[in-house]
1. Quick check on my filter: what residues within region 249-281 are in a helix (DSSP H, G or I), in contact with a strand residue (DSSP E or B) (Cβ under 9 Å, 6 or more places away or on another chain) and within 12 Å of residue 292 (Cα to Cα)?
2. Can you pull out the residues in region 105-127 that are in a loop (DSSP other than H, G, I, E, B) and touching a helix residue (DSSP H, G or I) at 6+ places or on another chain (Cβ under 7 Å)?
3. For the subset of region 69-104 comprising residues that are assigned to a helix (DSSP H, G or I) and farther than 16 Å from residue 28 by Cβ, which member is nearest to the chain's Cα centre (by Cα)?
4. Note down all Cβ pairs under 6 Å where the first residue falls in region 110-127 and is at negative phi, the second is crowded, with 22+ Cβ neighbours inside 10 Å and in a loop (DSSP other than H, G, I, E, B), and they're at least six residues apart or on different chains.
5. Go through 172, 162 for me and flag whichever is in contact (Cβ under 8 Å) with a residue 12 or more places away in the chain and crowded, with 19+ Cβ neighbours inside 10 Å.
6. Filter region 285-303 down to the residues that are in a loop (DSSP other than H, G, I, E, B) and either without any contact (Cβ under 8 Å) to a residue 12 or more places away in the chain or in contact with a helix residue (DSSP H, G or I) (Cβ under 8 Å, 6 or more places away or on another chain) (or both), then identify the one that is surrounded by the fewest Cβ atoms within 10 Å (Cβ to Cβ).
7. Scan region 119-132 residue by residue and report those that are under 20 Å from the mean Cα position of the chain (by Cα) and either surrounded by fewer than 18 Cβ atoms within 10 Å (Cβ to Cβ) or over 18 Å from residue 86 (Cβ atoms) (or both).
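Quick note: the coordinates plus some simple rules give every number you see, no bench work behind them. Values in this document were obtained by computation on a predicted structure and should not be read as measured data. So basically every Cβ, Gly included, is an ideal-geometry build from the backbone, and we count neighbours across all protein chains shown.
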């Protein structure tokens with residue numbers, strides 16, 4: 001079986017395939033910390049952030065460096081000598097539209113000062129993208145390829161309350177559908193194995209996200225990392241985490257409820273191995289991805305099959 005959005009054995013629409021079709025080559029991501037905070041950290045909506053938050057997700061060489069300095073280091077870290085790759089600048093840490101327009105303009109201009117940058121991605125929340133921000137992003141989208149990544153994590157309000165998300169699914173959905181009218185590319189992020197969630201609950205999250213028809217989707221398992229509130233909860237009263245084989249089966253079935261046109265930007269996480277407490281199997285990313293491919297082939301599954 002040949003999946004329509006694939007030129008290899010993948011049965012889902014990979015980010016690699018999307019970029020090669022759009023740009024003609026592999027595109028790398030430069031993860032940047034713009035030094036912003038989050039309404040779920042500074043007291044506007046909540047304090048301390050989500051219980052799994054390490055003070056902003058992602059790999060950052062040195063958080064004290066300027067945006068330009070971080071981008072330059074990311075280019076050097078990821079590229080081989082004398083080879084010019086295209087890059088997407090990914091403003092990843094915390095909530096990257098939770099600021100004023102002037103700051104957003106400075107962030108964008110710093111990113112676009114590098115000639116091999118073909119796009120900018122902003123990781124944020126739906127409640128931090130008002131009409132003024134949307135207008136700015138639409139204008140920026142005329143200069144480069146913009147994507148806005150929204151953290152959802154789960155469609156279950158009991159879970160969202162427990163992880164201190166300070167947002168309901170209903171508010172997310174309303175705000176997300178409003179953003180969709182802008183025509184700007186978006187990506188939704190969900191997490192499997194959040195405390196208290198069953199297999200069916202996680203599958204339901206994917207089903208509802210599929211109906212939102214995002215341009216992109218990221219999925220990974222919950223990481224318990226040292227220094228987080230979640231780590232303290234886990235150490236005081238350990239709870240079950242999804243095992244590798246169940247995760248593989250779950251993700252493969254989740255993909256069957258996602259529109260084939262949705263680009264799957266991630267299917268497993270890259271947690272800091274020095275800080276990771278559990279699950280240990282998540283350290284072997286290649287094995288997890290290979291397991292998903294194998295399970296989908298053996299069970300004749302492909303993205304969008306159950307729509």
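1. As a first pass, look at region 249-281 and keep what is in a helix (DSSP H, G or I): 249-255, 280-281.
Filter once more, keeping what is in contact with a strand residue (DSSP E or B) (Cβ under 9 Å, 6 or more places away or on another chain): 250-251, 254-255, 281.
Result: 250, 251, 254, 255.
2. Residues of region 105-127 that are in a loop (DSSP other than H, G, I, E, B), as a first pass: 113-116, 125.
Result: 113, 114.
3. Just the residues of region 69-104 that are assigned to a helix (DSSP H, G or I), to begin with: 69-78, 101-104.
The next check asks that each one be farther than 16 Å from residue 28 by Cβ; those that pass are 69, 101-104.
Numbers: 69: 23, 101: 23, 102: 25, 103: 23, 104: 20 Å.
Within region 69-104, the match that is nearest to the chain's Cα centre (by Cα) is 104.
4. Final answer for the pair search is 122/96; 122/97; 123/96; 124/95; 124/96; 124/97; 125/95.
5. Values: 162 fails: crowded, with 19+ Cβ neighbours inside 10 Å.
On inspection, the qualifying residue turns out to be 172.
6. So in region 285-303, the residues in a loop (DSSP other than H, G, I, E, B) come out as 299-303.
Then drop every residue that is not either without any contact (Cβ under 8 Å) to a residue 12 or more places away in the chain or in contact with a helix residue (DSSP H, G or I) (Cβ under 8 Å, 6 or more places away or on another chain) (or both), which leaves 299, 301-303.
On the way: 299: 13, 301: 19, 302: 23, 303: 29.
Among those that are in a loop (DSSP other than H, G, I, E, B) and either without any contact (Cβ under 8 Å) to a residue 12 or more places away in the chain or in contact with a helix residue (DSSP H, G or I) (Cβ under 8 Å, 6 or more places away or on another chain) (or both), it is 299.
7. Kept after step one, since they are under 20 Å from the mean Cα position of the chain (by Cα), are these residues of region 119-132: 119-129.
Result: 122, 123, 124, 125, 126, 127, 128, 129.
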